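Here's the structure we're looking at; comments come further down.
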């Protein structure tokens, strides 16, 4: 029993937080023994698995990283567990530089990031094991394919920035744990404290890395660094949480070709009132993306010789569209924005003049990270839509045109699918956008099975992206809908704030209103709606199941945040209090308890068929969230519908998951949702 601000709150499943206890291990084994045979026996499962394998089995390319005349890119021939990293110089044939499939027998070691040096001679690459957010850094000689001796560890949530002399790079890391095996749960689920910026010089052991910056007064803050493209200045960010709001400091390295670290760190912004991101620099100014006086973001130019924000010049003004990211390339600034959640790309001059809009293939989404060089007229982007997988494009900044880098043969005809954007009113009258996709010829008679997805948090927009599972659903005559809920980043900071803290209920209401729109417009009817969400979207599903169980034919919650009173006590959960609040605060405790999925199950309620999924190595959203919620929902279920949990082994929050595991999990999810939204006889629900 816990007591929050004088209120006693039972926590009968607290024991499931101890992942190493024999009781928890036994519970996990028993749940999987119940769930996996049940899912395997669903009549739709084999068909979905076969079709997903076909849809995944096509050549895929990642967006390339160009350095000089060398391109670094990932390629997958279709069903490889991990994409293989290639390098191509000029017009020569691409050659394999690194095959992560050789790093483990089960495909669970993945490439997390790559960073070539400025001369293209060295490749810094990071690997993640079993889906964990923890990374190891290694450096490979691009010419010989041999790795340097050093291996850098204790790295999480860190970028890497090469200095212009190609002799080393900046990165952030956490202190080593004493007496802990790096693969143990103690290490994987470490609570995180005292992240610091270091400089690593090639060929030296990690123990000799130079400490560049730390902030011991606040050990839970995230500390990161980013170099200006010319390598002269290291911008240092301090963040108390996962949001973009940060303090912004700068270290003058004095000479980019022979950097020094003895200059004082200058504080440009010393509060957390606004978001800041370094975009680039010319001879006089540094370009910064910010929401200062611009809720939908803008780009300003700041003279570092006179770093007074009040005298900064506006380069890209705030507009009706939401500015998402930008890249200095080809002597101009490429700007990615969202217009009603769909991507737009434009170029601007350094003196604040709009140059051109880049024509895109259609209603789709560009990956947030734009690839390019400050002095190169070529930009590399990734574009996708509901009927087009992620496709790398080369953008000519001179002609403002985008051309696909590769032609891909697909196992379906994209022209047979339609995506429309609609707008609906939420419960309080707020206008909310939604993308609805389906196969041509759909009859709007209310009988189609609907797959409704949402997220609604952390300023993250849901854009019209490709999803093989959604396509498999649509091929069978279903409707796929993505609601752009409040809390996301579709319309800037006001839209985000409207779905946070005491306003979080808006997100769940927006989701329910999306379902009502689909029913009112005769796409489907309530027994035929399946809902799915992951992470914060898993919270959305859990809250929706508890609050409106009668609406859903089936629900799947993936790696969801389910214990809203204790989330901040697990691993990196403390970083989410900006969006959620914390039960340590009396007012936040009140509203968190009101919607927390773990704490709002009701004994005897008839809940819909519910499948909870998680990974035993998820060190972002602790598996105990899913464990405890499942146990509570199973105990409360008063109807005959199944409440199951699928626990993947050697798997984490989702990044880097092997293709084979993705197909298995998605086949289970689709079979479960399709079966319980159809008119087929329902198999008897197993009981734990």
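The values are calculated or read from the model by the stated rules, or taken from the named source; none is laboratory data. Keep in mind that this is a model prediction, so the values were computed, not measured. Positions of Cβ are generated from backbone atoms using ideal geometry, with glycine treated the same way; all protein chains shown enter the neighbour counts.
Among 383, 393, which is the only one that is in contact with a strand residue (DSSP E or B) (Cβ under 7 Å, 6 or more places away or on another chain) and either farther than 30 Å from residue 536 by Cα or assigned to a loop (DSSP other than H, G, I, E, B) (or both)?
Among 383, 393, only 393 is in contact with a strand residue (DSSP E or B) (Cβ under 7 Å, 6 or more places away or on another chain) and either farther than 30 Å from residue 536 by Cα or assigned to a loop (DSSP other than H, G, I, E, B) (or both).
Considering only region 36-56, state which residues are in a loop (DSSP other than H, G, I, E, B) and buried (at least 16 other Cβ atoms within 10 Å of the Cβ). Listed by number, the residues that qualify are 42, 44. Scanning region 117-138 for residues that are on the phi > 0 side of the Ramachandran plot and surrounded by fewer than 21 Cβ atoms within 10 Å (Cβ to Cβ) gives a single hit, 120. Residue 641 satisfies every condition listed in (1) assigned to a loop (DSSP other than H, G, I, E, B); (2) within 22 Å of residue 37 (Cα to Cα); (3) touching a strand residue (DSSP E or B) at 6+ places or on another chain (Cβ under 7 Å) except (3).
Mind telling me which of the residues 452, 442, 427 ends up being at negative phi, in a strand (DSSP E or B) and at pLDDT 95 or above? Break it down into steps so the answer makes sense when it comes.
Values: 442 fails: in a strand (DSSP E or B); 427 fails: in a strand (DSSP E or B).
Result: 452 is the single residue among 452, 442, 427 that is at negative phi, in a strand (DSSP E or B) and at pLDDT 95 or above.
Annotation: of all residues in region 16-35 being under 28 Å from residue 592 (Cα atoms) and touching a helix residue (DSSP H, G or I) at 6+ places or on another chain (Cβ under 6 Å), the one that is surrounded by the fewest Cβ atoms within 10 Å (Cβ to Cβ) is 18.
Any residue in region 82-99 that is crowded, with 17+ Cβ neighbours inside 10 Å and assigned to a helix (DSSP H, G or I)? No, every residue in region 82-99 fails to be crowded, with 17+ Cβ neighbours inside 10 Å and assigned to a helix (DSSP H, G or I).
For region 533-547, the criterion of a residue being in contact (Cβ under 8 Å) with a residue 24 or more places away in the chain, surrounded by fewer than 24 Cβ atoms within 10 Å (Cβ to Cβ) and touching a strand residue (DSSP E or B) at 6+ places or on another chain (Cβ under 9 Å) is satisfied by at least one position. Within region 33-46, residues that are over 18 Å from residue 662 (Cβ atoms) sit with their Cβ atoms under 8 Å from residues that are part of a loop (DSSP other than H, G, I, E, B) and modelled with pLDDT of 95 or more, at 6+ positions apart or across chains, in these pairs: 38/642.
Annotation: residue 492 fulfils all but one of (1) in contact with a helix residue (DSSP H, G or I) (Cβ under 6 Å, 6 or more places away or on another chain); (2) crowded, with 19+ Cβ neighbours inside 10 Å; (3) touching a residue at least 40 places away in the same chain (Cβ under 8 Å); the unmet one is (1).
Considering (1) in contact with a helix residue (DSSP H, G or I) (Cβ under 6 Å, 6 or more places away or on another chain); (2) without any contact (Cβ under 8 Å) to a residue 12 or more places away in the chain, the lone condition that residue 438 does not fulfil carries the number (2). Among residues of region 470-485 being out of contact with any strand residue (DSSP E or B) (no Cβ under 6 Å at 6 or more places or on another chain) and without any contact (Cβ under 8 Å) to a residue 60 or more places away in the chain, the one that is surrounded by the fewest Cβ atoms within 10 Å (Cβ to Cβ) is 477. Would you call residue 403 under 25 Å from the mean Cα position of the chain (by Cα), at negative phi and in a strand (DSSP E or B)? It is false that residue 403 is under 25 Å from the mean Cα position of the chain (by Cα), at negative phi and in a strand (DSSP E or B).
Contact map, region 79-90: residues that are touching a residue at least 60 places away in the same chain (Cβ under 8 Å) paired with residues that are surrounded by 20 or more Cβ atoms within 10 Å (Cβ to Cβ) and in a strand (DSSP E or B), Cβ distance under 6 Å, separation 6+ or inter-chain. Pairs shown: 82/110. Considering 266, 278, the condition of being under 24 Å from residue 311 (Cα atoms), within 23 Å of the chain's Cα centre (by Cα) and surrounded by 13 or more Cβ atoms within 10 Å (Cβ to Cβ) is satisfied by 278 alone.
The residue list 169, 157 contains one member that is assigned to a strand (DSSP E or B) and buried (at least 17 other Cβ atoms within 10 Å of the Cβ), which is 169. Of the residues making up region 527-544, those that are touching a helix residue (DSSP H, G or I) at 6+ places or on another chain (Cβ under 6 Å) and farther than 18 Å from residue 499 by Cα are 528, 529, 530, 531.
Residues are listed down the side, and each one gets a yes or a no for (1) modelled with pLDDT of 95 or more; (2) touching a helix residue (DSSP H, G or I) at 6+ places or on another chain (Cβ under 6 Å); (3) surrounded by 24 or more Cβ atoms within 10 Å (Cβ to Cβ); (4) not in a loop (DSSP other than H, G, I, E, B):
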| site | (1), (2), (3), (4) |
| --- | --- |
| 603 | yes, yes, no, no |
| 626 | yes, no, yes, yes |
| 629 | yes, yes, yes, yes |
| 634 | yes, no, no, yes |
| 653 | no, no, no, no |
| 665 | yes, no, no, yes |
| 687 | no, no, no, no |
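Selection of region 119-149 for residues being touching a strand residue (DSSP E or B) at 6+ places or on another chain (Cβ under 8 Å), more than 30 Å from residue 242 (Cβ to Cβ) and in contact (Cβ under 8 Å) with a residue 40 or more places away in the chain yields 119, 120, 121, 122, 140, 142, 145, 148. Within region 100-113, if we keep just the residues that are in contact with a strand residue (DSSP E or B) (Cβ under 9 Å, 6 or more places away or on another chain) and in a loop (DSSP other than H, G, I, E, B), the residue that is surrounded by the most Cβ atoms within 10 Å (Cβ to Cβ) turns out to be 108.
Within region 588-599, not a single residue is assigned to a loop (DSSP other than H, G, I, E, B) and surrounded by fewer than 24 Cβ atoms within 10 Å (Cβ to Cβ).
Output the residues belonging to region 559-569 that are surrounded by fewer than 24 Cβ atoms within 10 Å (Cβ to Cβ) and not in a helix (DSSP H, G or I).
Step one: list which residues in region 559-569 are surrounded by fewer than 24 Cβ atoms within 10 Å (Cβ to Cβ), which gives 565-566, 568-569.
Answer for region 559-569, where residues must be surrounded by fewer than 24 Cβ atoms within 10 Å (Cβ to Cβ) and not in a helix (DSSP H, G or I): 565, 566.
Comparison of 234, 211 shows that the only residue that is over 30 Å from residue 460 (Cβ atoms), assigned to a strand (DSSP E or B) and over 21 Å from the mean Cα position of the chain (by Cα) is 211. For region 573-586, does any single residue satisfy the condition of being free of Cβ contacts under 8 Å to residues at least 24 places away in the same chain, surrounded by fewer than 19 Cβ atoms within 10 Å (Cβ to Cβ) and more than 22 Å from residue 157 (Cα to Cα)? Within region 573-586 (the criterion being free of Cβ contacts under 8 Å to residues at least 24 places away in the same chain, surrounded by fewer than 19 Cβ atoms within 10 Å (Cβ to Cβ) and more than 22 Å from residue 157 (Cα to Cα)), the answer is yes, since at least one residue qualifies.
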